[in-house]
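Accompanying notes for the structure given below.
Readers should treat all values here as calculations from the given coordinates under stated rules, not as data from a laboratory. All values reported here derive from a predicted model rather than from experimental measurement. Note that we place each Cβ from the backbone using ideal geometry, even for glycine, and neighbour counts take in every protein chain shown.
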Amino acid sequence: MSSLEVICWHCHGSTVDTEPFCQRCHTILEYKGVPPFELLHIEKGFSIDLKKLERIYFDFMARLHPDRFARASNQEKSFALQWSSAFNDAYAKLKDPLKRLKTLINEEVPDIQSPIILQQAMEDQEKLVQIQRDHKAVQDFEKDVQKRIQDLYASVPNSIGTQQKKEASDLYLRLKYLDTLMRNIYSFKRKHAFTDS
Ligand SMILES: [Zn+2]
């Protein structure tokens with residue numbers, strides 16, 4: 001974990017920039033930006049322990065709860081808010097597998113769809129129109145899409161270095177497309193008053 005040494009504004013002791021509280025006097029520190037994995041003390045990788053993530057997140061959120069800062073200065077209150085919002089943001093990024101993958105790729109993935117994805121999107125859309133009156137067929141299609149999602153997630157490399165970036169970006173774009181497709185299927189089912197049996 002890469003944390004930098006900082007000087008606590010309160011006790012002037014030395015502490016680290018990745019923790020909300022000074023290691024010496026436990027005063028809230030100013031938030032200066034910490035990457036999600038470091039912030040939540042989770043080892044960087046696609047496979048993570050979600051229970052551990054949740055435990056750490058809720059533990060920090062409890063320690064940063066506004067009630068605990070009722071008698072603190074406005075500056076400390078504002079520091080606590082900054083950390084809380086950083087924890088919320090990091091938690092959302094790590095909890096969701098698609099956002100976690102994007103976080104690991106760690107750069108802007110071009111939002112242009114590859115010709116392969118566009119072709120697939122057209123086929124899927126056509127299929128959905130063809131089978132729209134057949135509830136069983138729509139449900140089978142949904143299962144098929146879920147299977148495609150599972151298979152793609154299973155092929156995501158755990159650690160994404162320079163070597164894996166291209167492959168991981170492709171997987172991300174395909175998963176993002178399938179995520180949208182699943183939403184379309186859900187709204188399609190709602191519109192046509194499907195009930196899951
Ligand atoms: Zn201190």
Residue list for the stretch 141-175, restricted to those being under 14 Å from ILE105 (Cα atoms), in contact with an Asp or Glu (Cβ under 9 Å, 6 or more places away or on another chain) and not in a loop (DSSP other than H, G, I, E, B): LYS165, SER169, LEU173
Enumeration of residues in the stretch 55-100 that are among the charged types (D, E, K, R) and free of Cβ contacts under 8 Å to residues at least 40 places away in the same chain: ARG55, ASP59, ASP67, ARG68, ARG71, LYS77, ASP96, LYS99
Among (1) more than 25 Å from ASN158 (Cβ to Cβ); (2) touching a residue at least 24 places away in the same chain (Cβ under 8 Å); (3) among the acidic types (Asp, Glu) - the single one GLU19 does not satisfy: (2)
